[in-house]
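Reading through the structure tokens given below for one structure.
The values are calculated or read from the model by the stated rules, or taken from the named source; none is laboratory data. Remember, predicted model here, so these are calculated numbers, not experimental data. Don't worry about glycine lacking a Cβ; one is built from the backbone with ideal geometry, like all the others, and counts go over all protein chains shown.
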Ligand code: ADP
Ligand code: C5P
Ligand code: MG
């Protein structure tokens, strides 16, 4: 009887330990910057070179907007066109699901670039409520460039992107939202010593050179 119990335990323990060791706590880098600063472009480069999964809050919201059964489609469409930040209850669920699905598919994929989040206080509160205990935020990667560069890049992107917000009218609102709501969040992380700033006004390759230096050091 005892032998059978021990036999059972010794067979079970290694597999349990193995599973625990594989289930890593998600490691998160928040990626912030103005509209068109190059967040998505640089995240793609990072994914090509490092073991990170890129989750763009904007992309997730656009996908939810397009999902036929979604009860939030119209609300998201209005917020995006107006350059306003969607209530975090919606965004955090999309992010949480995407992170869980990624880790379920491959337990080794526990490093995430969360692009375009947290963009305001509501976003940050939502993260702290739902995710803070579940994931470690390593640092904020901040792509810094002037509003003019941001606007020019988005207008250029607007020629092909089909986005409802890559036009001058929406862009003015997006820049205001960025200055009024997102910059204070970056300042808050700055006080915690958690911001890594990159001059994003240069070429894609030059910007990525700085990104690489940061990730090689602490990524
Ligand atoms: P974000 O995700 O921050 O809104 P994107 O990565 O989508 O920005 O880039 C916005 C537009 O600017 C895209 O058309 C992209 O090809 C272009 N772009 C990105 N980085 C640079 C750069 N360093 N120099 C010039 N154009 C860039
Ligand atoms: O990051 P991206 O430019 O794709 O975001 C586009 C729009 O998506 C934002 O202007 C905003 O309306 C919405 N968004 C949001 N909350 C986020 C990220 C994006 O409401 N955290
Ligand atoms: Mg983007």
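Structural remarks
- Residue in region 178-189 that is near ligand 1 (Cβ under 10 Å from one of its atoms) and in contact with a helix residue (DSSP H, G or I) (Cβ under 7 Å, 6 or more places away or on another chain) present: no
- Screening region 37-48 for residues that are farther than 11 Å from residue 113 by Cβ and touching a helix residue (DSSP H, G or I) at 6+ places or on another chain (Cβ under 7 Å) and picking the one that is surrounded by the fewest Cβ atoms within 10 Å (Cβ to Cβ) gives 41.
- Any hit, region 114-123, residues being free of Cβ contacts under 8 Å to residues at least 40 places away in the same chain and either over 17 Å from residue 179 (Cα atoms) or within 16 Å of ligand 3 (Cβ to nearest atom) (or both): no
- Residue count for region 141-175, restricted to those that are surrounded by 17 or more Cβ atoms within 10 Å (Cβ to Cβ), under 17 Å from residue 58 (Cα atoms) and either free of Cβ contacts under 8 Å to residues at least 12 places away in the same chain or touching a strand residue (DSSP E or B) at 6+ places or on another chain (Cβ under 9 Å) (or both): 5.
- Region 127-166 - residue that is in a helix (DSSP H, G or I) and closer than 21 Å to residue 103 by Cα and, of those, nearest to ligand 1 (Cβ to nearest atom): 127
- Filter pass, residue 89 being farther than 25 Å from residue 173 by Cβ and either part of a helix (DSSP H, G or I) or away from ligand 1 (no atom under 16 Å from the Cβ) (or both): no
- Tabulated pairs, region 37-58, first closer than 18 Å to residue 161 by Cα and at pLDDT 95 or above, second part of a helix (DSSP H, G or I) and away from ligand 2 (no atom under 16 Å from the Cβ), C-beta under 8 angstrom, 6+ apart or interchain: 38/204; 38/207; 41/204; 42/204; 42/207; 42/208; 42/211
- Taken over region 22-39, the criterion of being within 9 Å of ligand 2 (Cβ to nearest atom) and part of a helix (DSSP H, G or I) is satisfied by 39 alone.
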